[in-house]
Number of protein chains: 2
Amino acid sequence: MSEQFQELNVADFFYKNKDLVGFDSPHKATYMIVRELVENSLDACDGHKILPDVRVTLSKVEGAGTEERYHIKIVDNGIGVPLEAVPFAFGKVLFGSKYSMRQNRGTFGLGGKMSLLYGQITANSRITITTSQGGGKIYTFEISTDIRTNTPVIHRREEADNKSHFRGVKIEFDFEGDYGKARDKIIEYFYETAMVLPYAQLTFIDPNGSLLFYPRITQKMPNPPLETLPHPHGVDLEMLKRMIMVNPHTSLQVFLSKNFQRVGERTARAFLRSNGFDPHVEVSELNTKQLTKLVTALREYPDFLPPDPSCLSPIGDELLKEGIRRLLSPEHIVVTTRPPRAYEGNPFIVEVGIAYGGAIAPPDKPGKVQLYRFANKIPLLYDEYSDVAMSVIQSINWNQYKIKLDEVPLAFITHVCSTKVPYKTAGKEYVAARPEVEKELELAIKQAARELRVRLSKMEKAEYKERRTEVLRKYLSMMASFSTFLAEKNKEPNIDALFKEGIIKKHRKAELVEDSSSGDLVDETKSEDDKAEGGESESEE
Amino acid sequence: MSEQFQELNVADFFYKNKDLVGFDSPHKATYMIVRELVENSLDACDGHKILPDVRVTLSKVEGAGTEERYHIKIVDNGIGVPLEAVPFAFGKVLFGSKYSMRQNRGTFGLGGKMSLLYGQITANSRITITTSQGGGKIYTFEISTDIRTNTPVIHRREEADNKSHFRGVKIEFDFEGDYGKARDKIIEYFYETAMVLPYAQLTFIDPNGSLLFYPRITQKMPNPPLETLPHPHGVDLEMLKRMIMVNPHTSLQVFLSKNFQRVGERTARAFLRSNGFDPHVEVSELNTKQLTKLVTALREYPDFLPPDPSCLSPIGDELLKEGIRRLLSPEHIVVTTRPPRAYEGNPFIVEVGIAYGGAIAPPDKPGKVQLYRFANKIPLLYDEYSDVAMSVIQSINWNQYKIKLDEVPLAFITHVCSTKVPYKTAGKEYVAARPEVEKELELAIKQAARELRVRLSKMEKAEYKERRTEVLRKYLSMMASFSTFLAEKNKEPNIDALFKEGIIKKHRKAELVEDSSSGDLVDETKSEDDKAEGGESESEE
């Protein structure tokens, strides 16, 4: 009766558990490789105020076994990777630049690396990386990862003059995959990505030679998110101990105001006073019991300002509407943006859109919900029924909004952006039901639903009036003919004028704001932030 | 324009990404802690032919902050942990005994450790472990994990005489949680676990003092799974290179027959001949190109025997039926067990049950499917709509089986057991759509559906006959009265005898096998294994 104990390193762990990172079949791996590499490229661009230009070529390698083998090449115009970081950034799992307190597409330092590892495992492929940060030199590396030790192995390293002034990263390798089955999702991925990034240029050439090209349609780009300090509401004991290790000899008051966002000296003093701490004690002198008390107090103190959203980069009402319009061509769009909130000190913003009618079809079967999910501007295409957004939509009592979810042509669009999106899987397929995120999604969707209800009510009233007008129009003309006949006149009175001059008015569209540029109807009313916090009662009646 | 690069160790990674391991809210964490510890305990028992006795006590700790704090104590009678492994087994992430080629509940060496880490992070709690392997000594450790370095810290270590002859592990610590919200899932978890483990004794005392007690109802226990070698169909280059490192100086033929299951010397020779390899070459002399060719050949060679299922421990038809009967009290149960298959060299077995009628209600809304999922005898209670079993059920054309999925009282029970269940999340919430697993689930469910259809057809026919009999019974008595009157007799002929003697027969239940012990109807026909591979046509017409 005995067991063998063993230790794994992290590269080994993910190599042995590819499903955890989304690489659970050849076609899913194909999708993940494209997606992870595109996301790293986009982070290297718009995260640094560079208009992205990302080009992906996927081609088939002939003559391998029965498995299909592909060659991927991706080129971006991002900031590039510094020479000394190249081997680790591409050849060591859990090494990266994504562990900061600001919004990034990448979070784990894992997906890109897993893509390369997948090539290595399935096709014995080394990775060729060419990069420059725009200086006089351009570097080419051929590397692989020693999985047993999670260390990079450099097979070739070259340096050349950067004659073409290239700046960015080019990656190439082979892998075994299944593009046939992955095709639809990959195309959907580029499509939805382009929708929320009109300032990006995206090119994809697939193994059949088809070209997917999304040109840049605006030069306007949101400001890149800034790096911030953690918010005091999200501290835990481990975090606090680490911070103290870096600054052991400061006073508690200075320590708080230097290490947390939204805590100035005055706030620090007020906080410490109201919790009975000595502001002048040196932080290294606090014992564990005091630290535990401090953590609890920091998490629960109600008077800290809400988290600073400058580390976030939401899509914004305008771009979101524009995206929805192009994605779905609906008749109505309502969008709501919630104010920044935080979970565990990670600020986040929820944006929601509901689109109605137009090209949207009613659900093809009961229980089906049309939901387009985005997180940090990434479209999420798998496992939607496990996503917190879906469970929120399903938990809402739609009768309250007089919306029959199974019958009306409705689509939901949700975007959660955060310094740390609480993904449930390392493959970033869906967002976990963190209570704070759940709450904000619920408020945003309900707020949008209320607005949509108002819109639909107006439309229904307008339709009723229009029907009534039509009846009047029909009988008025008969009455006019009859009166003319009785009065023994020849010329009937001009009834049309009655309508034209608005004596019998209220034509349907007149009540709604018309968006002249697109011909669609859009709501230009900004949703007021916290109105939804109060009651949930309807107001349109 | 620059980025900071940084490295994370694996404890740090999971500490920062608790959602990935299922710890995404206080109530989910409460559930995960109970579940992960129970599973480790069960592995330590039935994995070693010990009848499990697992006792869990969850109690509330008063006087903490606004968050609710709990104390958990779990005691098992498993094999215990050897003295020298204790600090690492409980204080180092990705260290464990679960990385072997045999069926275990634990797979990642992660969940138990995360439970302890969660206590440390939220409640600053050290972990107290008492263990003995049944010898003269019993050991108590108080430990924590240094997350920055992923190393255990021993705060206290005691040794005492094992007077009570204790064998097993006792773990105690505090954590912040939410039992109120976790209660239903935890109770469901124990309930479903007890259903598939009638040989286990499970005790749970909850914070309200309620006792949940499942006594052992049988001493019969399936044989524990044996450890095996990898199957050649699942090899990859990385794996092959590692194996060669351990045995560099053997000939290719000996290497194959020693390191893979189902490859004897004759098979090895036949395989090597048909793929043009020299059987006598020393494996360390193969270059990468040859190794790649060897991997492809091993994966694709059709004449290896299917994987050895002795490393697996399925529930078995009888226990599965018994479990379903107690879980759901249905009118009909059909079960199918598929033959062992493999994905990536990991053998797996799929078992499926369909239960019909009785205490099962029809779906309360369209699109809803009643599905009870098990993996390696663990009930899976979250994210069912992402599970491969659900997508398989939804993809089947049920009209083929004349079953209206939205209307009939139907429940599905699926069990996937494997040396490595392809979980999609490290929190083991659901199984990924590995094509091989998907295929087997589909075949098993279709096969069970066909049997159910036959059963329901018979029932429908029997019901039709019964109705006809009832009509006869009604008119025959009138005819008898009338004839008696016409014949001027007083005594009517005994019609009941016609029915009793079976002249007018075919009472409903007579056509079906009756299980006298339970009063339920069960199908004793064993499903023939591979019948389903062929056509999908119906046979009952």
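For A:Phe175, only one of the following conditions fails: (1) surrounded by 13 or more Cβ atoms within 10 Å (Cβ to Cβ); (2) within 14 Å of chain B (Cβ to nearest Cβ); (3) not in a strand (DSSP E or B). What is its number?
(3)
Suppose the filter is surrounded by fewer than 18 Cβ atoms within 10 Å (Cβ to Cβ) and not in a helix (DSSP H, G or I); does A:Val408 pass it? Give the derivation first.
Numbers: surrounded by fewer than 18 Cβ atoms within 10 Å (Cβ to Cβ): yes; not in a helix (DSSP H, G or I): yes.
Spelling it out, A:Val408 is indeed surrounded by fewer than 18 Cβ atoms within 10 Å (Cβ to Cβ) and not in a helix (DSSP H, G or I).
Of these, B:Glu238, B:Glu227, which one is part of a loop (DSSP other than H, G, I, E, B) and within 14 Å of chain A (Cβ to nearest Cβ)? Before you say what the answer is, go through the steps one by one.
Numbers: B:Glu238 fails: part of a loop (DSSP other than H, G, I, E, B).
Testing whether each residue is part of a loop (DSSP other than H, G, I, E, B) and within 14 Å of chain A (Cβ to nearest Cβ) leaves just B:Glu227.
What are the residues in segment B:48-83 that are modelled with pLDDT under 90 and out of contact with any Gly (no Cβ under 7 Å at 6 or more places or on another chain), if any? Spell out how you get there, then give the answer.
So in segment B:48-83, the residues modelled with pLDDT under 90 come out as B:62-68.
The answer is B:Glu62, B:Gly63, B:Ala64, B:Gly65, B:Thr66, B:Glu67.
Go through (1) under 26 Å from B:Asp308 (Cβ atoms); (2) touching a Pro at 6+ places or on another chain (Cβ under 8 Å) one by one and return the number of the condition B:Pro409 breaks.
(1)
For segment A:72-89, does any single residue satisfy the condition of being within 21 Å of the chain's Cα centre (by Cα), facing another protein chain (nearest Cβ under 9 Å) and either touching a residue at least 24 places away in the same chain (Cβ under 8 Å) or farther than 30 Å from B:Thr296 by Cα (or both)? Walk me through how you get there before you give the answer.
Filtering segment A:72-89 for residues within 21 Å of the chain's Cα centre (by Cα) gives A:76, A:78.
Going one step further and asking which of them are facing another protein chain (nearest Cβ under 9 Å), we end up with none.
For segment A:72-89, residues within 21 Å of the chain's Cα centre (by Cα), facing another protein chain (nearest Cβ under 9 Å) and either touching a residue at least 24 places away in the same chain (Cβ under 8 Å) or farther than 30 Å from B:Thr296 by Cα (or both): absent.
If you check A:Ser418 against the conditions, is it modelled with pLDDT of 90 or more and of a type in the set (Gly, Ala, Ser)?
Working: modelled with pLDDT of 90 or more: yes; of a type in the set (Gly, Ala, Ser): yes.
When the stated conditions are applied, A:Ser418 passes them.
Anything in segment B:406-434 that is of a type in the set (A, V, I, L, M, F, W, C), in contact with a helix residue (DSSP H, G or I) (Cβ under 6 Å, 6 or more places away or on another chain) and within 11 Å of another protein chain (Cβ to nearest Cβ)? List them, or say none.
Within segment B:406-434, B:Ala426, B:Val431, B:Ala432, B:Ala433 qualify.
Please state which one of A:Ile147, A:Ile121, A:Ile50 is buried (at least 16 other Cβ atoms within 10 Å of the Cβ), over 23 Å from A:Ala426 (Cβ atoms) and within 9 Å of chain B (Cβ to nearest Cβ). Can you show your working first?
On the way: A:Ile147 fails: over 23 Å from A:Ala426 (Cβ atoms); A:Ile121 fails: over 23 Å from A:Ala426 (Cβ atoms).
One residue alone meets the criteria, A:Ile50.
Looking at this structure, is B:Phe271 part of a loop (DSSP other than H, G, I, E, B) and modelled with pLDDT of 90 or more? Reasoning before the result, please.
Details: part of a loop (DSSP other than H, G, I, E, B): no; modelled with pLDDT of 90 or more: yes.
When the stated conditions are applied, B:Phe271 does not pass them.
Might you let me know whether segment B:90-107 holds any residue that is within 24 Å of the chain's Cα centre (by Cα), outside the structural domain of B:Asn376 (by TED's automatic domain parsing) and outside any loop (DSSP other than H, G, I, E, B)?
Yes, that holds for at least one residue.
Give the residue, chosen from B:Gly180, B:Gly209, that is of a type in the set (Gly, Ala, Ser) and either under 19 Å from B:Ser115 (Cβ atoms) or part of a helix (DSSP H, G or I) (or both). Working first, answer last.
Working: B:Gly209 fails: either under 19 Å from B:Ser115 (Cβ atoms) or part of a helix (DSSP H, G or I) (or both).
None of the other options fit; the residue is B:Gly180.
One line per residue, one yes/no per condition, for (1) in a loop (DSSP other than H, G, I, E, B); (2) assigned by TED's automatic domain parsing to the domain that holds B:Ala411:
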| residue | (1), (2) |
| --- | --- |
| B:Val263 | yes, no |
| B:Gly323 | no, yes |
| B:Leu327 | no, yes |
| B:Val334 | no, yes |
| B:Pro339 | yes, yes |
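Quick check on segment B:358-387: of everything there that is buried (at least 22 other Cβ atoms within 10 Å of the Cβ) and not in a loop (DSSP other than H, G, I, E, B), which residue is farthest from the chain's Cα centre (by Cα)?
B:Ser386
Within segment A:28-39, how many residues turn out to be touching a strand residue (DSSP E or B) at 6+ places or on another chain (Cβ under 8 Å) and either of a type in the set (Asp, Glu) or closer than 21 Å to A:Tyr139 by Cα (or both)?
Going through segment A:28-39 one residue at a time, the tally reaches 3.
Would you mind telling me which numbered condition in (1) at pLDDT 90 or above; (2) surrounded by 21 or more Cβ atoms within 10 Å (Cβ to Cβ) A:Asn346 fails?
Here A:Asn346 clears every test but (1).
With the structure loaded, tell me whether A:Ile413 is in contact with a strand residue (DSSP E or B) (Cβ under 9 Å, 6 or more places away or on another chain) and in a strand (DSSP E or B) or whether it fails that test.
Working: in contact with a strand residue (DSSP E or B) (Cβ under 9 Å, 6 or more places away or on another chain): yes; in a strand (DSSP E or B): yes.
Here the answer is yes, as A:Ile413 does meet what is asked.
Does A:Phe14 satisfy the criteria of being within 8 Å of chain B (Cβ to nearest Cβ) and under 30 Å from B:Pro152 (Cα atoms)? First the steps, then the outcome.
Numbers: within 8 Å of chain B (Cβ to nearest Cβ): no; under 30 Å from B:Pro152 (Cα atoms): yes.
Judged against the criteria, A:Phe14 is not a match.
In segment B:12-65, which residues are more than 24 Å from the chain's Cα centre (by Cα) and outside any helix (DSSP H, G or I)?
Within segment B:12-65, B:Asn17, B:Ser25, B:Thr57, B:Leu58, B:Ser59, B:Lys60, B:Val61, B:Glu62, B:Gly63, B:Ala64, B:Gly65 meet the criteria.
So is B:Glu142 touching a His at 6+ places or on another chain (Cβ under 7 Å) and modelled with pLDDT of 95 or more or not?
On the way: touching a His at 6+ places or on another chain (Cβ under 7 Å): yes; modelled with pLDDT of 95 or more: yes.
Spelling it out, B:Glu142 is indeed touching a His at 6+ places or on another chain (Cβ under 7 Å) and modelled with pLDDT of 95 or more.
Given the conditions (1) in contact (Cβ under 8 Å) with a residue 40 or more places away in the chain; (2) within 14 Å of another protein chain (Cβ to nearest Cβ), and given that A:Pro207 satisfies all but one, which numbered condition is not satisfied?
The one condition A:Pro207 does not meet is (2).
Could you tell me which of the residues B:Pro52, B:Pro26, B:Pro82 is outside the structural domain of B:Lys424 (by TED's automatic domain parsing) and in contact with a Cys (Cβ under 6 Å, 6 or more places away or on another chain)? Show your work before the answer.
Details: B:Pro26 fails: in contact with a Cys (Cβ under 6 Å, 6 or more places away or on another chain); B:Pro82 fails: in contact with a Cys (Cβ under 6 Å, 6 or more places away or on another chain).
None of the other options fit; the residue is B:Pro52.
Looking only at segment A:55-71, decide whether some residue is more than 10 Å from chain B (Cβ to nearest Cβ), more than 24 Å from B:Glu344 (Cα to Cα), buried (at least 20 other Cβ atoms within 10 Å of the Cβ) and in contact (Cβ under 8 Å) with a residue 12 or more places away in the chain. Let's see the steps before the verdict.
Kept after step one, since they are more than 10 Å from chain B (Cβ to nearest Cβ), are these residues of segment A:55-71: A:55-63, A:68-71.
Adding the requirement that they be more than 24 Å from B:Glu344 (Cα to Cα) leaves A:55-59.
Among the residues that remain, those that are also buried (at least 20 other Cβ atoms within 10 Å of the Cβ) are: A:56, A:58.
In the following step, the residues that additionally are in contact (Cβ under 8 Å) with a residue 12 or more places away in the chain were identified as A:56, A:58.
Checked segment A:55-71: at least one residue is more than 10 Å from chain B (Cβ to nearest Cβ), more than 24 Å from B:Glu344 (Cα to Cα), buried (at least 20 other Cβ atoms within 10 Å of the Cβ) and in contact (Cβ under 8 Å) with a residue 12 or more places away in the chain.
The values are calculated or read from the model by the stated rules, or taken from the named source; none is laboratory data. Quick caveat, the model's predicted, so the values are computed rather than measured. Methodologically, a virtual Cβ is constructed for each residue, glycine included, from the backbone with ideal geometry; neighbour enumeration extends over all protein chains shown.
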